[in-house]
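See below for the structure under consideration.
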Ligand SMILES: Cc1cc2nc3c(=O)[nH]c(=O)nc-3n(C[C@H](O)[C@H](O)[C@H](O)COP(=O)(O)O)c2cc1C
């Protein structure tokens, strides 16, 4: 079980990404930087309570991924508590996180995700009931606000008061979705309003931006989402920078072996459709690679997994 009070500082986390931070990708990240804290992609509390097999499958944990935080989303405090309790009982994640940051209408329309920032009473009720339901730490992942960046300054202390053990703050509002840039200065202000640890998130893509975000926000840690896609080495680079050392470039061999290992674990988990579902990761690995456009076209047309493996091996 995680104890956020004593987790080594600065905390470095893989931020949750639906459809991306599944077990195979999380294992790849951990194989590069074992100190990274893994946030698993969000799962619907309703679906867990209804025992939807696909949703349950998303919560299985490989031992190499630990410590791992399982994120849930929903609007009903009782359902959220029941889902957290069931997940904890069966999968034993090291912590539970509550999604209060997702901007997607299909999540916010029923009042979940970032819509909870408009409804602090309900958000507090959720935190309280989830806290009562599980013995592990409960955190909240939030944005700066729904419309205004400063909404977090009232909202963050309310989450602490309700019992949250840690906050991860993405430095954008819901209205911004993923546009504009993350405002680390407002995260810094929010940090001064609470005594629980804060993880800063948004636009941290490499070691220099990780160091800068920590300097600006004075947060207890940082979390990387998009910058880790196709680049699990970003965490190694960040830990290396903490030691005031310089990272060496990734060799072609290391890059190839990582893609092949990722594909193998992806295939172990998803079976035959893996050749198709791996394409989103493959596109990310190929980004910035010389000749990427042609390679992407070639690889993304392959429908046989052993052929894809052979092609990657002979890159
Ligand atoms: C494809 C994708 C899926 C995401 N899914 C989730 C999610 O399931 N839960 C969540 O709290 N945030 C989710 N996010 C938001 C990220 O965790 C993160 O807060 C955001 O991308 C900003 O960080 P970044 O600049 O490092 O990408 C997602 C983002 C992306 C791009």
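The values are calculated or read from the model by the stated rules, or taken from the named source; none is laboratory data. What you see is a predicted model, and the numbers here were worked out from it, not measured in a lab. Glycine gets a Cβ as well: all are built from the backbone with ideal geometry, and neighbour counts include every protein chain shown.
Points worth noting:
- Within region 223-256, the residues that satisfy the criterion of being free of Cβ contacts under 8 Å to residues at least 40 places away in the same chain and within 17 Å of residue 295 (Cβ to Cβ) are 250, 253, 255.
- Conditions (1) closer than 22 Å to residue 199 by Cβ; (2) over 17 Å from the mean Cα position of the chain (by Cα); (3) surrounded by fewer than 22 Cβ atoms within 10 Å (Cβ to Cβ): number failed by residue 84: (3)
- Among the candidates 216, 224, 234, the residue that is at pLDDT 95 or above, closer than 19 Å to residue 182 by Cα, surrounded by 15 or more Cβ atoms within 10 Å (Cβ to Cβ) and over 20 Å from the mean Cα position of the chain (by Cα) is uniquely 216.
- Within the option set 173, 205, being away from the ligand (no atom under 12 Å from the Cβ) and modelled with pLDDT of 95 or more holds for one residue only, 173.
- Exactly one residue out of 130, 140 is assigned to a helix (DSSP H, G or I), in contact (Cβ under 8 Å) with a residue 40 or more places away in the chain, under 22 Å from the mean Cα position of the chain (by Cα) and within 16 Å of the ligand (Cβ to nearest atom): that is 130.
- Scanning region 1-19 for residues that are away from the ligand (no atom under 11 Å from the Cβ) and either on the phi > 0 side of the Ramachandran plot or in contact (Cβ under 8 Å) with a residue 24 or more places away in the chain (or both) gives 1, 2, 3, 4, 5, 7, 8, 9, 10, 11, 12.
- Region 37-60 residues that are farther than 13 Å from residue 19 by Cα, paired with ones that are within 11 Å of the ligand (Cβ to nearest atom) and not in a strand (DSSP E or B) (beta carbon under 8 Å, 6 or more apart): 38/21
- In summary, helices (runs of 4 or more DSSP H) completely within region 245-301 and bearing 1 or more residues that are outside the structural domain of residue 59 (by TED's automatic domain parsing) and within 21 Å of residue 207 (Cα to Cα) occur at 252-270, 279-286.
- Meets criteria (at pLDDT 95 or above, more than 11 Å from the ligand (Cβ to nearest atom) and part of a helix (DSSP H, G or I)) for residue 148: no
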